[in-house]
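The structure under discussion appears below in the form of structure tokens.
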Amino acid sequence: MVTVLAYDLGASNGRLTAQHFNGKTIKLKEVHRFTNEPFQKEFHYYWDYERLIKELHIGLQKAAPDKGKSIGIDTWGVDFACLNKDSQLIQNPLSYRDKCSVPYVEKVQKIINHYDLYTRTGNEISSINTLFQLMAIDDNYNQLLDETENILLMPSLLMHALSGEKINELTIGSTTQLLNLKSENWDNELIEKLFNKQLPLSPIGQTHEIIGKLIQFPTIQMALVPGHDTACALSALPIEDKNGIFISLGTWGLIGMELEEAVVSLEAFQQGFTNERTSEKMIRFQKNATGFWILQKLRKEWQQQQVHTTFEHEEQAYYENKEFRAIINPEDEVFFNPVSMVNAIHEFCKKTNQSIPISIAEQIRCFSESLAIYYANIIDDIERITGYYSPTLYIGGGGAKNKLLCQLIANASGKRVVAGPVEASSLGNGLSQLRALGEISNLQEGRDVIKASFTVTEYEPQEADVWKSLKVKYKNIFRRQ
């Protein structure tokens, strides 16, 4: 029996799991869970580094009886931290929810054409990308970069705190818009062109390898797993079709397809698709879409009314309000980080001449149907742009527990949905460690272990004609601005 420890941090919560592997199956046990959200200070949004490190250590203390042989860390993408010459954090990491980087999207266009940048890096042009965040820092707080000796992406920052190692990883690096699509390394020529200097980005290491050991727990080895949670999740999905479409569903909804080569056509660029790396150095051709962010913000407002909901409560409320219908575009800028998500929905519905969802039940129906139709449109785009058709969608992450949304996505897309495992990111993290330890050999062997260890839930599409007409009726709602 081999036990590995996996820290999986998303943009709303984090968890530590212990995974016990007997050579054929994995048993997963949650050891520690905590909330994670940015805080505001002097007009900026930051991640609370000290609190994150405190939670990591609490989890490791709780995990002591499990006697883990190794540990790996995966997180959300794009965010980073700057360390000084003494390897100390200079300031808390900026959150991608901060809007300081927004003006730099247009400023970059004056230096390099957006489409040329896309073909060079493979990444959608988005203000949240590391490139634009660093430009904002360089322009407004250049002394910070002057003090910086190492730039570490979020999973690497947390690994450094535990092990002292300073190394980045390919899958998380592929979210930055600083990685060259062909060389799979930092694009120093591009960096020089945009910053008139080089950036102290720590080197990219080899995924699925042991890179050190923990300082306070020296019997636990540090493994370099896929740093991006979506890459981890994809490794643990029981995909059987060569071009199966995946949805990693949490705060974000990452919808895409595994491909051998990047797709950087003009249409892919115009439709906002990105090319990021898988754990096997293949391409995740995907749309980085909104997931439960809107619902998470709504729940906070409902709690202020002393209303606490679960997926089950929300499903019941949805079916009790069959007559109401208003559709929002989850990607509209009004939903990015509003003070009130309820007011943001009202504003969008007024702007588009629709009925305004007043009750909690109406808001649940609005959110759920909007996300399902939006995802179905993205899936149509993926199949058209790649030329590959998939009869099945594979949903992993916390969204796999949302029975209502899984069924609505099946209905809107007209495809069979296979939901699970829920802890796909944590499991993909663990599988990578098992490869580093020599316990399993490759991706397929890992997926076979997952199939043998966990059950999934399947959903067949229903009311096909109704959902086809809804997609046509609300098509203009989802037009890219």
Looking at segment 301-323, is at least one residue modelled with pLDDT of 95 or more and within 14 Å of Ala344 (Cα to Cα)?
yes
Can you tell me how many residues within segment 33-43 are in contact with a Ser or Thr (Cβ under 9 Å, 6 or more places away or on another chain) and either in contact (Cβ under 8 Å) with a residue 24 or more places away in the chain or assigned to a loop (DSSP other than H, G, I, E, B) (or both)?
3
When segment 4-29 is examined, which residues are found to be touching a residue at least 60 places away in the same chain (Cβ under 8 Å), farther than 27 Å from Gln133 by Cβ and open to solvent by 20 Å² or more (accessible area, probe 1.4 Å)?
Gly23, Lys24, Thr25, Lys27, Leu28
Quick check: is even one residue across segment 386-404 surrounded by 23 or more Cβ atoms within 10 Å (Cβ to Cβ), on the phi > 0 side of the Ramachandran plot and touching a residue at least 24 places away in the same chain (Cβ under 8 Å)?
yes
Considering only segment 42-63, I want to know if a residue exists there that is more than 25 Å from Thr230 (Cβ to Cβ) and at pLDDT below 95.
yes
Of the conditions (1) within 25 Å of the chain's Cα centre (by Cα); (2) part of a loop (DSSP other than H, G, I, E, B); (3) not charged (D, E, K, R), His308 fails just one. Which one is it?
(1)
Restricting to segment 472-481, give me the number of residues that are open to solvent by less than 70 Å² (accessible area, probe 1.4 Å) and either without any contact (Cβ under 8 Å) to a residue 24 or more places away in the chain or more than 26 Å from the chain's Cα centre (by Cα) (or both).
1
Mind listing just one residue for me: the one in segment 117-156 that is under 30 Å from Ser70 (Cβ atoms) and outside any strand (DSSP E or B) and, of those, most open to solvent (accessible area, probe 1.4 Å)?
Glu149
Answer yes if at least one residue in segment 267-282 is closer than 20 Å to Pro155 by Cβ, open to solvent by 10 Å² or more (accessible area, probe 1.4 Å), in a strand (DSSP E or B) and in contact with a His (Cβ under 9 Å, 6 or more places away or on another chain), and no otherwise.
yes
In segment 154-172, is there at least one residue being of a type in the set (A, V, I, L, M) and within 19 Å of Val105 (Cβ to Cβ)?
no
Cβ-Cβ under 8 Å, sequence separation 6+ or interchain: first residue in segment 199-214 and in contact (Cβ under 8 Å) with a residue 12 or more places away in the chain and aliphatic (A, V, I, L, M), partner open to solvent by 20 Å² or more (accessible area, probe 1.4 Å) and in a loop (DSSP other than H, G, I, E, B). Which pairs?
Ile204/Ile167; Ile204/Glu184; Ile204/Asn185; Ile210/Leu437; Ile211/Glu165; Ile211/Ile167
Search segment 157-202 for residues being open to solvent by less than 20 Å² (accessible area, probe 1.4 Å) and either touching a Lys or Arg at 6+ places or on another chain (Cβ under 6 Å) or at pLDDT below 95 (or both), and hand back the single one that is nearest to Gln133 (Cα to Cα).
Ser174
Kindly establish whether Glu55 is free of Cβ contacts under 8 Å to residues at least 60 places away in the same chain and either assigned to a loop (DSSP other than H, G, I, E, B) or surrounded by fewer than 17 Cβ atoms within 10 Å (Cβ to Cβ) (or both).
no
Which residue, of Glu331, Glu383, Glu362, is open to solvent by 10 Å² or more (accessible area, probe 1.4 Å) and in a loop (DSSP other than H, G, I, E, B)?
Glu331
Hey, could you check segment 441-471 for residues that are among the aliphatic types (A, V, I, L, M) and surrounded by fewer than 19 Cβ atoms within 10 Å (Cβ to Cβ) and say which is nearest to Asp332 (Cα to Cα)?
Val466
Identity of the residue in segment 313-328, in a helix (DSSP H, G or I) and touching a residue at least 24 places away in the same chain (Cβ under 8 Å), that ends up most open to solvent (accessible area, probe 1.4 Å):
Glu315
Taking segment 72-107 and keeping only residues that are outside any strand (DSSP E or B), touching a Phe, Trp or Tyr at 6+ places or on another chain (Cβ under 7 Å), of a type outside the set (Gly, Ala, Ser) and more than 30 Å from Gln19 (Cα to Cα), one is left with Asn92, Arg97, Asp98, Tyr104, Val105
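The values are calculated or read from the model by the stated rules, or taken from the named source; none is laboratory data. What you are looking at is a predicted structure, and each value in this text was computed from that prediction instead of being measured. Note that we place each Cβ from the backbone using ideal geometry, even for glycine, and neighbour counts take in every protein chain shown. Calculation scope for accessible area: heavy atoms of the full protein, side chains included, ligands and nucleic acids excluded. Shrake-Rupley method; radii C 1.70, N 1.55, O 1.52, S 1.80 Å.
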